[in-house]
Structure formats: C-alpha cells, structure tokens
Amino acid sequence: MSTPDGITSFAELDLPATLQKALVDVGYETPSAIQSRIIPHMLEGVDVLGQAQTGTGKTAAFTLPMLHKLTMSRSSTNRFGVFGIRALVLTPTRELAAQVEESVRDYGKYLKLDSTVIFGGVGMNPQINKVKRGVDILVATPGRLLDLQQQGFVDLSGVQMLVLDEADRMLDMGFIHDV
Ligand code: AMP
C-alpha cells in the first residue's frame, strides 16, 4: 500500500507499542494512504471526513486512533452502574458491523478495552446482556441500536467518539432519520 506524506511506519504515526504489536501480529508493515492521512488528525481530536475505496484500510484508519484515544481517557460509570460506551461506530449492514468489531478486537488485543456488536435479525437478549456488563466500544447498525436505546437498554450519554462507517451507504439505505 502506498504511503503519502513520507510516512513509512506506524511508529511515525505515534501509535503506542501495544497497538504496533497487534499490527505486527496481523501482518501490517506500513500504513496505507488513508491511514497516514487520517490517523494524525484523529489523534488530535478533530472531526474527519474520509473517502477511500473498499480494501484500502479505512477500518484501521479510524479504529487505531480511536483505540489509542480510549486508552488515554478514563471510563465513567453509566446509569446502569457499569463503565459506559465511549466510542460508537455505526455501519449500514450487520456484516460490516461484525467485521468492524472483529478488527476492533484484533487491533485492541493488548489493550484493556471491551467491545461488542449489535445488529438486527437476531435475538436481542444476548446483545442487551453484553451491553449491560459494560463496553467501551459499541459497533452497531442504526435500526437495532435505536430500538435498544428506546427500550432503555443502551445509554449513549458517555459517547465521546462517533464514527459513521460507509455514511453514504447508510443514507442510500434510508437510515437518514435514524442517523
Ligand atoms: P478495509 O479497507 O478496512 O476493509 O481493509 C482492507 C484489507 O486491508 C483488510 O483485509 C485489512 O486487514 C487490510 N489492511 C488494512 N490496513 C493494512 C495495512 N496497513 N497493511 C496491510 N494490510 C492492511
């Protein structure tokens, strides 16, 4: 993958050793173009709009800085008495939601962060139980998330970071009001 702006390593992107070690495990050697461009801005905490084709590494582009930032701040207790959701990733489909959450777990394997995924078309109870136990990162499709939130099972009041993955597709699929 090409690396613009002279960035040739993940170390140059100021990612901590725990994340770099996980990247070695998955076999990534150099940041892709979207990763080099987005990660520094996300680490600064500014809002970013990224556009890249499928297969160019956009999941890691938002997940790596998200994980790093989460390790630098503390979880607060939510209204259920557990540590609350601090990062929310919305995706248009359940397949993408599951893939993104798997990446979150792969890249975050050496960090003390918990994640889960919720989407429609399957039973709600296992999802509710996981969220109730406390998660730092929630990956979700908009419909099921709203449903669980409206039923009072999900507290989004502590969310500090929001990612709209494939935002254009979410709007095409009619999620504009949900989003
Ligand atoms: P994505 O565009 O996020 O769906 O990623 C496409 C594929 O590229 C996935 O299989 C990733 O595991 C892989 N990938 C992401 N970033 C890198 C990287 N820096 N080096 C090598 N492979 C990568």
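What follows draws every value from the coordinates through simple rules; no lab data is involved. As the structure is a computational prediction, the values presented were derived from the model and not from experiment. Glycine gets a Cβ as well: all are built from the backbone with ideal geometry, and neighbour counts include every protein chain shown.
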Report summary line: Relative to the chain, whose Cα atoms define the longest principal axis, helix 17-26 and its Cα axis are tilted in degrees, nearest 10, by 90
Requested in this report: Grab the Cα-Cα distance for Thr30 and Tyr110, subtract it from 0.36 nm times how many residues apart they are, and report the gain in nm with one decimal.
Outcome: 26.8 nm
Query raised in the report: Quick one: helix 58-72 against the long Cα principal axis of the chain, what's the angle to the nearest 10°, folded into 0 to 90?
Result: 80
Report summary line: FRET efficiency (Thr8, Leu162; Cβ distance; R0 35 Å; to 0.05) is 0.70
**Report entry** Mean separation of Cα contacts under 8 Å, 6 or more apart, over the residue count of the chain: relative contact order %
**Finding:** 22
Requested in this report: Calculate the spin-label point distance for Val179 paired with Arg79, positioning each point 7 Å from the Cα along the beta-carbon direction, and give it in nanometres.
Outcome: 2.7
Requested in this report: Please figure out what share of the DSSP beta bridges in the chain is antiparallel and state it in percent, rounded to the nearest 5.
Outcome: 10
Report summary line: Asn129 and Gln151 label points (each 7 Å along its Cα→Cβ direction) are spaced in nm at 1.4
Requested in this report: Could you state the orientation-averaged shadow area of the convex hull built on the Cα atoms of the chain, in nm² to one decimal?
Outcome: 10.0
